[in-house]
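Values in this text are rule-based calculations from the coordinates and carry no lab data. Bear in mind that the values here come from a model prediction, so they are computed numbers and not experimental data. Virtual Cβ from ideal backbone geometry, glycine too; neighbours counted across all protein chains shown.
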């Protein structure tokens, strides 16, 4: 269902752009492709990479879509040819990024890593339940997919006990790196929220960040946000006149 037109590849046909990009149209087209090729319903037996690639090719050929393997292959090409892509992937692997633009770096690096995993084992992302099932009588995940699964879990998650967002810890990453990436990511989100209020909203600033955490006193959060805002923009929000 994921198109490549527009991102990361350019738009090549404006007239059919909506049909190639909108997931509803794509879903209907793929359903019609299965209807026109009913033998596909019995083609998948092992949920293997080979079957995934074969069936995908038949479906997209019928619909006139790009093959879902095009995107992972493009990301692999980026990695091989561009040093900055390799650096972002290395940062993703250990949660250690260069300073600045943390939100973009973290999200894009996660996107890159996901597609490289999809290049290696596309079947896992299509039939995840089957491949996460334990082998009969065994303790290991089928096909050794456990690290692929762990690597593609969300980076941040809701706390099970309190109304707060917490970083997810991964066994192969430094806890210190994970927490710094978490703080940088949400710190930039908070500044983006403040900046948008400054530019496009009237009235006083809103310092309600309860969606992020209820563990810290509201006054403490407000004072911290003001301090970071002043360091970034050279003016304290309290000094800005409201209309």
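What's the angle, to the nearest 10 degrees (0 to 90), between helix 70-81's Cα axis and the longest principal axis of the chain?
That helix lies at roughly 60 degrees to the long axis.
Just order 118-131, 81-94 by mean Cβ neighbour count inside 10 Å, highest at the front, would you?
Details: 118-131: 17.1, 81-94: 14.7.
Highest-to-lowest ranking by the protection proxy: 118-131, 81-94.
How large, in Å, is segment 17-66 by the Kirkwood hydrodynamic radius built from its alpha-carbon pairs? If you can, show how the numbers build up before the last one.
Working: mean 1/r = 0.0878 Å⁻¹.
It works out to 11.4 Å.
Can you tell me what the convex hull of the Cα atoms of segment 201-243 projects to on average, as an area in nm²? Please report the intermediate quantities before stating the final value.
Details: hull surface 13.4 nm².
The orientation-averaged projected area of the Cα hull of segment 201-243 comes to 3.4 nm².
How far apart, in nanometres, would the label points at residue 94 and residue 132 be if each is projected 7 angstrom from Cα along the Cα-to-Cβ direction?
Going from the residue 94 label point to the residue 132 one covers 2.9 nm.
Report, to the nearest 10°, how far helix 49-63 tilts away from the longest principal axis of the Cα atoms in the chain, using its own Cα long axis and a range of 0 to 90°.
90
Can you give the FRET efficiency for residue 107 and residue 57, using 1/(1 + (r/R0)^6), R0 = 30 Å, r = Cβ-Cβ distance, to the nearest 0.05? Kindly include the intermediate steps, with their values, before the conclusion.
Working: r = 30 Å, r/R0 = 1.00.
Plugging the Cβ-Cβ distance into 1/(1 + (r/R0)^6) gives 0.50.
With N set to the number of residues, divide the alpha-carbon radius of gyration of segment 1-87 by 2.2 N^0.38 Å and report two decimals. Write down the numbers at each step before the final one.
Details: Rg = 15.0 Å, N = 87, 2.2 N^0.38 = 12.0 Å.
Scaled against compact globular proteins, the figure is 1.25.
Determine the calculated [θ] at 222 nm for the chain from helices alone, applying -39500 (n - 2.57) to every DSSP H run no shorter than 4 residues and normalising by the residue count; nearest 500 deg cm²/dmol.
Numbers: 11 runs with 135 residues, N = 243.
Computed ellipticity for the chain at 222 nm equals -17500 deg cm²/dmol.
Identify which of the listed values of Cα Rg over 2.2 N^0.38 Å was calculated from the structure shown: (1) 1.76; (2) 1.28; (3) 0.95.
(2)
Expressed as an acute angle from 0 to 90° and rounded to the nearest 10, what is the orientation of the C-alpha long axis of helix 218-233 relative to the principal long axis of the chain?
90
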